[in-house]
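What follows is a short report on a single structure.
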Amino acid sequence: MRRLALIGVAAVLLAGAGSALAVGSASSSPTDYASCLKKAGTTAAMQACITAELKRLNGLMNSAYKSLSGTAGLNKAALAAAQGKWLAFRSSDCKFAGTLNAGGSLQSIDVGTCTVDLTSARLAELRVYEKQAKH
């Protein structure tokens, strides 16, 4: 089941829609992010889109994590360790993504879009875990 979930998450990311498809509905429309980026004419405008989407996604991910950690019978220590390592991975991986345009105006955009994509994928994964834990 986990393998299928990861394949699904990978398919979403490969489709290029990242957070828009992986998260579903939330307080603001996931299409707002794609629309925001499409309309952004400057690096600063793109960064504002990314910042807003990360705020939304981090809130959703934190809620999903709290909900999952509240599941009876769940190994909370293992979940906390996995989440901590995932957060470290996200930071390191996206820092690397920024090196692809190091020193250029796109460096922060590369880091930000990487962070959005990975956070979106993690949110989808936490939601799958929650469904599995409740069955």
task: May I ask you to say which residue of ALA72, ALA45, ALA82 is at pLDDT 65 or above, more than 14 Å from the chain's Cα centre (by Cα) and outside any helix (DSSP H, G or I)?
output: ALA72
- prompt: Of the residues in the stretch 84-114, how many are over 25 Å from LYS66 (Cβ atoms) and of a type in the set (D, E, K, R)?
  reply: 2
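Per-residue answers, yes or no, for (1) assigned to a loop (DSSP other than H, G, I, E, B); (2) at pLDDT below 95; (3) over 15 Å from the mean Cα position of the chain (by Cα); (4) more than 19 Å from GLY41 (Cα to Cα):
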residue	(1), (2), (3), (4)
CYS94	no, no, no, yes
GLY104	yes, yes, yes, no
THR115	no, no, no, yes
THR119	no, no, no, yes
LEU123	no, no, no, yes
VAL128	no, no, no, yes
GLN132	no, yes, yes, yes
- line: Listed by first then second residue, the pairs whose first member lies in the stretch 89-102 and is surrounded by 14 or more Cβ atoms within 10 Å (Cβ to Cβ) and of a type in the set (S, T, N, Q), whose partner is modelled with pLDDT of 95 or more and assigned to a helix (DSSP H, G or I), with beta carbons under 7 Å and at least 6 positions apart or on separate chains, are ASN101/GLN107; ASN101/ASP110
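The values are calculated or read from the model by the stated rules, or taken from the named source; none is laboratory data. Not measured: the values here are computed from a predicted model. Cβ atoms come from the backbone with ideal geometry, glycine included; neighbour counts cover every protein chain shown.
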